[in-house]
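Below is one structure, written out as structure tokens; comments come after it.
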There are 2 protein chains.
Amino acid sequence: MPGEFDLIRRFFMDATADRPDVVLGIGDDCALLQVPGDRLLAISSDTLVSGHHFTADVDPQALGYKALAVNLSDMAAMGAEPAWASLCITLPQADERWLKDFMCGFSELAACFDVQLVGGDTTRGPLSVSIAIQGFTDRQGGLRRDAARVGDRIYVSGTLGDAGLALRVRQGRYVPKGEMCTLDERLDRPQPRVALGRRLGKFSRCAIDISDGLGSDLMHICEQSGVGAMLNLDQLPLSLQVGRYVADTGDWSLPLSAGDDYELAFTLPAELQAEFEREAGSWDVPVTCVGTIEPGEGVRARLPDGRIIEEVTRGYEHFRT
Amino acid sequence: MPGEFDLIRRFFMDATADRPDVVLGIGDDCALLQVPGDRLLAISSDTLVSGHHFTADVDPQALGYKALAVNLSDMAAMGAEPAWASLCITLPQADERWLKDFMCGFSELAACFDVQLVGGDTTRGPLSVSIAIQGFTDRQGGLRRDAARVGDRIYVSGTLGDAGLALRVRQGRYVPKGEMCTLDERLDRPQPRVALGRRLGKFSRCAIDISDGLGSDLMHICEQSGVGAMLNLDQLPLSLQVGRYVADTGDWSLPLSAGDDYELAFTLPAELQAEFEREAGSWDVPVTCVGTIEPGEGVRARLPDGRIIEEVTRGYEHFRT
């Protein structure tokens with residue numbers, strides 16, 4: 001079995017983009033990188049743990065893709081341009097095939113976003129993956145959670161609840177009508193909304209990515225901005241399948257509280273709404289106005305029949321019992 | 001038991017230095033940071049896993065200290081000035097006392113080096129700690145592993161084998177003569193040589209930190225620089241206790257192959273040696289010339305009796321069987 005350094009050399013070096021701003025890449029004590037003088041450095045890190053975020057028998061290629069996607073989604077939510085990543089993998093044993101497949105998924109996505117792997121390590125232990133990602137925003141700062149203002153319109157990208165529905169079907173908790181492979185793709189291969197995040201800066205100062213569910217993630221914006229939110233459920237953008245699920249079951253928790261969609265939720269001043277929607281009409285990813293920032297606190301929702309849900313269920317929190 | 005966000009808020013925010021270059025700190029999708037326009041960004045990350053790097057019953061305060069120390073040592077080895085860190089902790093359960101003690105050790109060291117914690121997460125799972133650290137070097141780049149040249153003198157800082165001897169004593173494999181608490185301190189609370197690393201740039205372009213043992217870490221320099229190295233064992237800087245151990249046992253593997261000292265090994269051109277030693281004479285940390293970079297490959301060592309060890313034992317590698 002090869003030593004750690006052989007593994008790093010074989011699977012990590014040259015695995016990703018080759019960026020001119022990388023002065024020194026993998027293989028030294030640190031990587032050395034050039035941040036443009038007129039920009040801010042944006043950094044984020046996330047750990048995915050076996051038995052918690054995924055099962056031990058996870059397809060390593062899917063895990064490699066998703067581990068990076070989750071981090072790219074944090075960049076998207078800040079309106080940042082991703083550039084570099086470090087990857088720390090803990091593995092029960094040095095499984096070359098596993099690592100190769102993992103890097104295949106990781107590298108595919110890294111290439112899409114011109115991200116170069118510049119460091120990390122491999123360690124023996126219970127399976128987990130920790131990624132630190134770095135990128136840039138302009139000097140005015142990015143899309144913060146504390147910048148929502150009363151009267152702002154609330155938008156989301158894409159459709160909500162697709163990943164959650166795919167999971168319910170996979171767990172045998174719902175029998176779908178019709179074709180499911182689009183939803184499986186949404187759960188296994190989320191598309192980080194990086195291009196959208198970078199475009200939003202012209203209109204918005206406030207965004208978050210929807211990893212724990214719209215209600216829960218919007219609550220972070222409300223708490224940090226000192227405001228409340230009202231969602232209009234009949235405006236929520238739903239795929240055909242999720243729309244059918246809600247019609248069948250009356251269960252709005254799926255689009256409101258299911259996580260893993262990695263769409264963006266963002267706010268913008270009402271006076272920019274018309275211009276924003278004109279411009280956004282030509283973008284690849286649909287954006288939909290789903291509510292309004294209000295005085296007060298907490299996330300409320302108006303059902304299609306006009307009734308109000310006073311406290312939208314908060315999403316999954318890792319240490320909540 | 002509190003949710004993840006409460007834990008982050010309570011233990012991580014305001015835990016460390018408050019730097020003016022942090023535009024946006026903990027609590028958003030990304031941190032936003034100002035890198036001086038005339039400098040390079042240096043980044044490094046490391047994971048410490050229970051059962052591998054430490055035991056499950058480790059003192060959390062000592063772990064918090066050491067986890068950051070290991071990362072600061074990477075900054076030191078690059079000659080970088082540390083600035084920010086992210087901390088991902090995976091814990092079997094949300095143990096507030098454990099986290100508080102961990103952060104106590106982490107924060108103490110962070111304060112010493114003016115490092116601000118700017119992100120991270122807490123996850124449920126088998127105990128492990130993953131830190132990503134960021135800092136700066138000047139535009140000429142830092143102290144690289146690939147910059148040793150034939151004829152360069154090889155130096156090390158401090159003394160070698162102290163942490164290794166403390167471990168042997170703790171494991172009952174050696175009965176020390178005399179007092180041991182200095183060596184315990186060397187194992188549990190290594191001093192990252194950050195100030196030394198930053199001073200070296202005037203004389204050296206090549207350094208590594210000694211985490212796996214001098215032989216093994218110097219081998220990385222040799223491999224990446226395409227050179228060999230000859231060490232003179234009678235020049236190795238040894239503490240009283242390690243000197244006595246070597247005299248008693250004739251076992252040079254302790255100062256050559258034991259890890260965890262976190263001293264620096266570095267090289268500099270022979271013509272700078274006199275000036276370097278004059279200047280270094282006034283520094284806090286002693287530096288000692290222990291050998292010469294030679295043509296060829298591999299690390300050799302000359303015993304005090306003149307005999308040559310052709311291949312200095314390589315240190316511990318995580319996946320080596």
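The values are calculated or read from the model by the stated rules, or taken from the named source; none is laboratory data. Worth saying up front: this structure is predicted, and the values here are computed from it rather than measured. Cβ: placed from backbone, ideal geometry, glycine included. Neighbour counts: every protein chain shown.
Only a single item in (1) more than 7 Å from every other protein chain (Cβ to nearest Cβ); (2) in contact with a strand residue (DSSP E or B) (Cβ under 6 Å, 6 or more places away or on another chain); (3) not charged (D, E, K, R) is not met by A:Gly158, and it is number (2).
For the stretch A:216-251, the candidate set comprises residues that are touching a residue at least 60 places away in the same chain (Cβ under 8 Å), polar (S, T, N, Q) and within 19 Å of A:Gly291 (Cα to Cα); within that set, the residue that is nearest to the other protein chains (Cβ to nearest Cβ) is A:Gln224. Of the residues making up the stretch A:36-50, those that are in contact (Cβ under 8 Å) with a residue 12 or more places away in the chain and more than 16 Å from B:Ala31 (Cα to Cα) number 6.
Here is the figure for the stretch A:285-311: residues that are in a loop (DSSP other than H, G, I, E, B), more than 26 Å from A:Leu200 (Cα to Cα) and in contact with a Leu (Cβ under 9 Å, 6 or more places away or on another chain) total 2. Candidates in the stretch A:77-107 are the residues that are surrounded by fewer than 18 Cβ atoms within 10 Å (Cβ to Cβ) and in a helix (DSSP H, G or I); of these, the one that is nearest to the other protein chains (Cβ to nearest Cβ) is A:Glu96.
Looking only at the stretch B:178-199, count every residue that is of a type in the set (Gly, Ala, Ser) and closer than 19 Å to B:Asp212 by Cβ and tell me the total. Walk me through it before giving the result.
Within the stretch B:178-199, the first condition is being of a type in the set (Gly, Ala, Ser), and the residues that meet it are B:178, B:195, B:197.
Narrowing the set further to residues that are closer than 19 Å to B:Asp212 by Cβ leaves B:197.
Qualifying residue count for the region: 1.
Is it fair to say B:Gly296 is at positive phi and away from chain A (no Cβ under 14 Å)? So B:Gly296 fits the description; yes.
Looking at B:Ala207, is it crowded, with 24+ Cβ neighbours inside 10 Å, touching a Cys at 6+ places or on another chain (Cβ under 8 Å) and either assigned to a loop (DSSP other than H, G, I, E, B) or of a type in the set (Gly, Ala, Ser) (or both)? The answer is no for B:Ala207.
Search the stretch B:51-76 for residues being more than 9 Å from chain A (Cβ to nearest Cβ) and without any contact (Cβ under 8 Å) to a residue 40 or more places away in the chain, and hand back the single one that is surrounded by the fewest Cβ atoms within 10 Å (Cβ to Cβ). Residue satisfying both the conditions and the ranking: B:Asp57.
Looking across B:Gly151, B:Gly142, B:Gly120, one residue alone is at the interface with chain A (Cβ under 10 Å from one of its Cβ atoms) and farther than 28 Å from A:Pro126 by Cβ. It is B:Gly142.
For the stretch A:298-321, which positions are surrounded by 13 or more Cβ atoms within 10 Å (Cβ to Cβ) and either among the small types (Gly, Ala, Ser) or modelled with pLDDT of 90 or more (or both)? If the condition is that a residue be surrounded by 13 or more Cβ atoms within 10 Å (Cβ to Cβ) and either among the small types (Gly, Ala, Ser) or modelled with pLDDT of 90 or more (or both), then A:Gly298, A:Val299, A:Arg300, A:Ala301, A:Arg302, A:Leu303, A:Gly315 are the ones that fit. Evaluated against (1) free of Cβ contacts under 8 Å to residues at least 24 places away in the same chain; (2) in contact with a Ser or Thr (Cβ under 7 Å, 6 or more places away or on another chain), B:Gln116 falls short on exactly one condition, (1).
Quick one: in the stretch B:252-275, of everything that is assigned to a helix (DSSP H, G or I) and in contact with a Lys or Arg (Cβ under 8 Å, 6 or more places away or on another chain), which residue is farthest from B:Asp146 (Cα to Cα)? The residue in question is B:Leu254.
Look at (1) in contact with a strand residue (DSSP E or B) (Cβ under 9 Å, 6 or more places away or on another chain); (2) outside any strand (DSSP E or B) and you find that A:Ile43 fails only one, number (2). When B:Val49, B:Val58 are checked against the criterion of being under 23 Å from B:Ser211 (Cα atoms) and assigned to a strand (DSSP E or B), B:Val49 stands alone in meeting it.
For the stretch B:187-194, the condition of being in contact with a strand residue (DSSP E or B) (Cβ under 6 Å, 6 or more places away or on another chain) and within 13 Å of chain A (Cβ to nearest Cβ) holds for at least one residue.
Which residue is farthest from B:Cys88 (Cα to Cα), if the candidates are limited to the stretch B:123-134 and must be within 8 Å of another protein chain (Cβ to nearest Cβ) and not β-branched (Val, Ile, Thr)? Don't jump to the end; show me each part of the working.
Step one: of the stretch B:123-134, the residues within 8 Å of another protein chain (Cβ to nearest Cβ) are B:123-126, B:128, B:130, B:132, B:134.
Imposing the further condition that a residue be not β-branched (Val, Ile, Thr) reduces the set to B:124-126, B:128, B:130, B:132, B:134.
On the way: B:Arg124: 11, B:Gly125: 12, B:Pro126: 13, B:Ser128: 8, B:Ser130: 5, B:Ala132: 9, B:Gln134: 15 Å.
Going through the qualifying residues, I end up with B:Gln134.
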